[in-house]
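A short write-up of the structure that comes next.
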Amino acid sequence: MSKTSARKNRLGDEVSPYLLQHADNPVAWQPWGEAAFAAAVEESKPVLLSVGYAACHWCHVMAHESFEDPEIAALINAHFIPVKVDREERPDVDQVYQQALALMGASGGWPLTMFLKPDGQPFWGATYLPPEPAFGRQSFRQVLERMAVVIEEEKELMTDYAEVLGGTLQKSLTEAPPGIAPASLTPAAFVTAAKAIVSHIDPHNGGLGGAPKFPQTSLLGVLWRAHAMSGQAEFKGAVLLTLRRMSRGGIYDHLGGGYARYAVDAAWLVPHFEKMLYDNALILELLVLAHQATGERLFEARIRQTIGWLLREMRQDGGGFASAIDADSEGREGAFYVWTKDEIKHILGPEGDVFSAAYGVLSEGNWEGTNILNQLHLKTGPSAAEEVRLAACRAKLLEVREGRPRPLLDDKILADWNGMTIAALARAAMALDQSDWLEAAVQAFSFVRQTMVHADGGLCHSWRDGKTGAHGFLDDYAHMARAALSLYDATGEAEYLAAAEGWANQLLADFAAEGGGFHFISTKGEALILRSKTAHDGPVPSGNAVAAEVFSRLYFLTGTEAYRAAAEGTLEVYSGQAVRAPGNFAGLLNAYYAHASAPQIVILGDRSDKTVKAMIAVIRKTPLADYTLLVVDSDAELPEGHPAAGKSGPAGTAFVCRGTTCSLPVTEPKALAAELAGNSANGDQSTGRPK
């Protein structure tokens with residue numbers, strides 16, 4: 001018996017739900033690791049790398065069409081060492097090979113299909129490949145057969161292309177593009193970048209561009225901050241339009257709460273039904289700002305419903321949050337979420353017609369003969385009385401829906417995505433005065449801090465079924481430090497500031513790159529073909545952007561010079577790219593705003609003091625995208641160099657500092673609200689930066 005035929009699929013002992021989905025494939029999958037590449041060297045075969053995730057619809061499609069096909073599996077097993085990777089479990093691997101695909105001139109995405117030399121260097125790739133030629137694409141079978149010929153007869157082509165691609169890949173993920181020098185990030189440059197972004201906003205439906213349409217929360221964040229910086233109404237209007245249309249569209253789950261990953265159409269009607277933890281965390285932060293700015297019931301409802309969904313369906317034992325919910329159930333995308341009009345009338349009886357009119361339900365359906373619930377046709381939301389009636393209908397339908405076969409819950413817990421969720425819950429809890437949301441944030445934080453750690457005390461990236469995953473990446477440390485700062489803001493408890501400093505110091509020790517910024521992989525992590533360093537955003541803001549924000553906030557809170565240097569060094573090294581391509585570096589632009597323009601608020605007194613509480617309440621209701629808050633005893637010393645150092649006053653006195661200057665003492669809540677309005681609506685023209 002040959003080595004190939006003796007080899008068995010080795011995914012059955014993994015903990016990733018995505019890998020376990022492929023454990024019964026006839027493809028002889030191996031997990032990413034030394035054993036797989038050792039086999040490639042021993043058998044002199046390339047590696048076929050397939051990257052996806054459990055909630056990915058097209059990953060399921062390719063699995064059913066190709067990886068479950070015995071003939072295609074035999075072709076793979078005969079000529080390649082097949083390796084499966086969960087992109088959420090190993091974002092480092094995904095990042096490197098997605099960039100390799102981009103350098104080949106192809107669009108990235110999942111499933112990612114890459115062919116690697118036994119040393120891990122890529123030489124060809126694609127995303128989804130059909131089993132037969134279709135959509136202008138070669139079939140997967142044709143690609144496999146062609147690659148088999150290359151391996152046997154044209155191996156020098158594989159080697160030559162891998163060498164050329166490898167050099168380009170190294171430069172693209174570790175160096176700035178040639179000719180792009182650091183630029184001066186200024187308020188004027190920031191507003192110019194925002195104008196470039198807002199020019200792409202759909203004036204009717206919101207969002208950027210046409211179909212497919214993603215939430216793009218980092219870009220919306222730039223627009224919100226540009227409004228605060230410039231007072232130009234179009235920026236704020238674009239954000240509010242987008243959030244309103246998303247929140248009335250089918251991308252929002254009107255029964256269970258939560259937003260899907262994206263819409264396949266321009267009007268936000270038809271979602272790609274998977275729900276991701278990170279999307280909902282990032283959207284929540286924007287919804288809170290929108291509610292604070294407008295008081296609209298729509299935004300408050302979506303905040304409460306989405307957090308209700310998080311706590312009901314995503315929170316796991318111990319308090320951590322699961323990663324995602326699949327798009328598919330019963331073998332069909334969206335089957336769990338859609339309805340016929342007859343179903344609704346049968347369940348709701350006389351109220352069925354009222355509900356159908358409110359949620360765009362048609363006899364013929366609005367999508368593939370069924371209905372996606374939405375309120376896009378409504379110019380205004382329901383009245384308070386109508387909402388009570390509709391809420392009762394939604395509850396009945398949700399109860400029925402709960403009896404349907406459910407989509408898969410990917411219940412692995414990721415440190416970075418939990419960090420985003422903790423920060424969002426803390427912000428929402430402060431804005432809407434919900435202590436239970438804050439308690440949920442605290443529990444999730446404790447879970448990550450106590451459970452998701454390696455023996456050396458460092459964070460791990462993932463956890464499931466009692467098993468920890470890879471060493472924490474840049475995003476894990478940055479987002480958990482940001483989460484700690486959010487809890488410090490909400491509670492004033494020193495342990496959270498200490499936690500943020502601890503993780504920030506680990507970033508400086510294990511991730512810092514020469515010349516500024518941070519590598520994605522720590523010095524303790526697994527060595528790949530390169531150590532990437534980039535501030536290019538993906539579906540979430542880049543780790544370098546979040547790190548820059550964290551270090552800036554820590555500097556304002558502690559006065560530690562190393563934190564200022566880290567923030568400014570990161571901003572500077574990527575500034576040229578951010579000015580040139582703001583759509584790809586929105587996270588970094590937002591970090592610049594946090595560093596250069598966000599208010600530093602100091603309140604004298606104790607948090608238990610009635611006057612101090614009243615002043616804090618004002619901050620909680622003000623739509624500030626970024627700020628730092630220090631509540632200190634009247635006789636306490638502020639960090640050295642803080643612009644409010646040496647100022648004094650009775651308990652409850654506040655100072656609002658911008659750049660290197662501070663306001664006069666503010667002693668009344670109304671006066672504080674007026675002072676802060678300059679940063680939330682139309683005011684900060686400061687060009688100074690802290691020194």
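The values are calculated or read from the model by the stated rules, or taken from the named source; none is laboratory data. The shown structure was predicted, so the numbers you read here are calculated from the model rather than taken from an experiment. Cβ placement follows ideal geometry from the backbone for every residue including glycine, while neighbour counts extend to all protein chains displayed. Just the protein is used for accessible areas: all its heavy atoms, side chains included, with ligands, DNA and RNA removed. Shrake-Rupley method; radii C 1.70, N 1.55, O 1.52, S 1.80 Å.
Among all positions in segment 248-263, there is at least one residue which is under 14 Å from Asn205 (Cβ atoms) and assigned to a helix (DSSP H, G or I).
Of Gln232, Gln216, all but one fail to be of a type outside the set (Gly, Ala, Ser) and at positive phi; the exception is Gln216. Among the residues of segment 321-343, those that are touching a residue at least 60 places away in the same chain (Cβ under 8 Å) and either in a strand (DSSP E or B) or polar (S, T, N, Q) (or both) comprise Phe321, Ala322, Ser323, Ala324, Ile325, Asp328, Ser329, Glu333. Among the residues making up segment 201-213, those that are open to solvent by 10 Å² or more (accessible area, probe 1.4 Å) and on the phi < 0 side of the Ramachandran plot are Ile201, Asp202, Pro203, His204, Asn205, Leu208, Gly210, Ala211, Pro212.
State whether one or more residues within segment 468-488 are among the β-branched types (Val, Ile, Thr) and assigned to a helix (DSSP H, G or I). Within segment 468-488 (the criterion being among the β-branched types (Val, Ile, Thr) and assigned to a helix (DSSP H, G or I)), the answer is no, since none of the residues qualifies.
For Thr523, the test of being open to solvent by 40 Å² or more (accessible area, probe 1.4 Å) and hydroxyl-bearing (Ser, Thr, Tyr) is passed. All conditions in (1) assigned to a loop (DSSP other than H, G, I, E, B); (2) within 30 Å of Ala194 (Cβ to Cβ); (3) open to solvent by 10 Å² or more (accessible area, probe 1.4 Å); (4) not hydroxyl-bearing (Ser, Thr, Tyr) hold for Leu624, with the sole exception of (3). From the list Ala395, Ala391, Ala385, Ala455, the lone residue that is assigned to a loop (DSSP other than H, G, I, E, B) and surrounded by fewer than 22 Cβ atoms within 10 Å (Cβ to Cβ) is Ala455. Within segment 29-50, being among the aromatic types (Phe, Trp, Tyr) and within 18 Å of Glu526 (Cα to Cα) holds for Trp32, Phe37. Residues that are closer than 21 Å to Gln450 by Cβ and assigned to a helix (DSSP H, G or I) were ranked within segment 293-320; the one that is most open to solvent (accessible area, probe 1.4 Å) is Leu311. Take the conditions over 29 Å from the mean Cα position of the chain (by Cα), open to solvent by less than 40 Å² (accessible area, probe 1.4 Å) and either modelled with pLDDT under 90 or under 20 Å from Ala591 (Cβ atoms) (or both) and apply them to Met229. Does it pass? Here the answer is no, as Met229 does not meet what is asked. Working only within segment 353-376, note down all residues that are touching a helix residue (DSSP H, G or I) at 6+ places or on another chain (Cβ under 9 Å) and part of a loop (DSSP other than H, G, I, E, B). Result: Tyr359, Val361, Leu362, Ser363, Glu364, Gly365, Leu373, Asn374, Gln375, Leu376.
The set of residues in segment 602-621 being assigned to a loop (DSSP other than H, G, I, E, B) and open to solvent by less than 40 Å² (accessible area, probe 1.4 Å) consists of Gly605 alone.
Can you tell me which residue is surrounded by the most Cβ atoms within 10 Å (Cβ to Cβ) among those in segment 636-651 that are over 18 Å from Leu664 (Cβ atoms) and touching a Leu at 6+ places or on another chain (Cβ under 9 Å)? Applying the filter and picking the extreme gives Pro639. Residues that are open to solvent by 10 Å² or more (accessible area, probe 1.4 Å) and either farther than 22 Å from Ile601 by Cα or hydroxyl-bearing (Ser, Thr, Tyr) (or both) within segment 548-565 comprise Tyr555, Thr558, Thr560, listed in sequence order. For Ala102, are the conditions met, namely being modelled with pLDDT of 95 or more and over 21 Å from Gly331 (Cα atoms)? No: the conditions fail for Ala102. Checking each residue in segment 321-342 for being open to solvent by 30 Å² or more (accessible area, probe 1.4 Å), under 24 Å from Gln21 (Cβ atoms) and acidic (Asp, Glu) picks out Glu330, Glu333.
Count of segment 103-143 residues, restricted to those that are over 22 Å from Gly538 (Cβ atoms), in contact (Cβ under 8 Å) with a residue 12 or more places away in the chain, open to solvent by 30 Å² or more (accessible area, probe 1.4 Å) and not in a loop (DSSP other than H, G, I, E, B), is 2. Given the condition closer than 28 Å to Leu286 by Cβ, of a type in the set (Ser, Thr, Tyr), out of contact with any Pro (no Cβ under 9 Å at 6 or more places or on another chain) and not in a strand (DSSP E or B), answer yes or no: does some residue in segment 627-646 qualify? No, segment 627-646 contains no residue that is closer than 28 Å to Leu286 by Cβ, of a type in the set (Ser, Thr, Tyr), out of contact with any Pro (no Cβ under 9 Å at 6 or more places or on another chain) and not in a strand (DSSP E or B). Those helices (runs of 4 or more DSSP H) of segment 1-102 in which at least 1 residues are of a type in the set (S, T, N, Q) and either more than 19 Å from Gln121 (Cα to Cα) or open to solvent by 30 Å² or more (accessible area, probe 1.4 Å) (or both), considering only elements entirely within it, cover 3-6, 17-21, 70-79.
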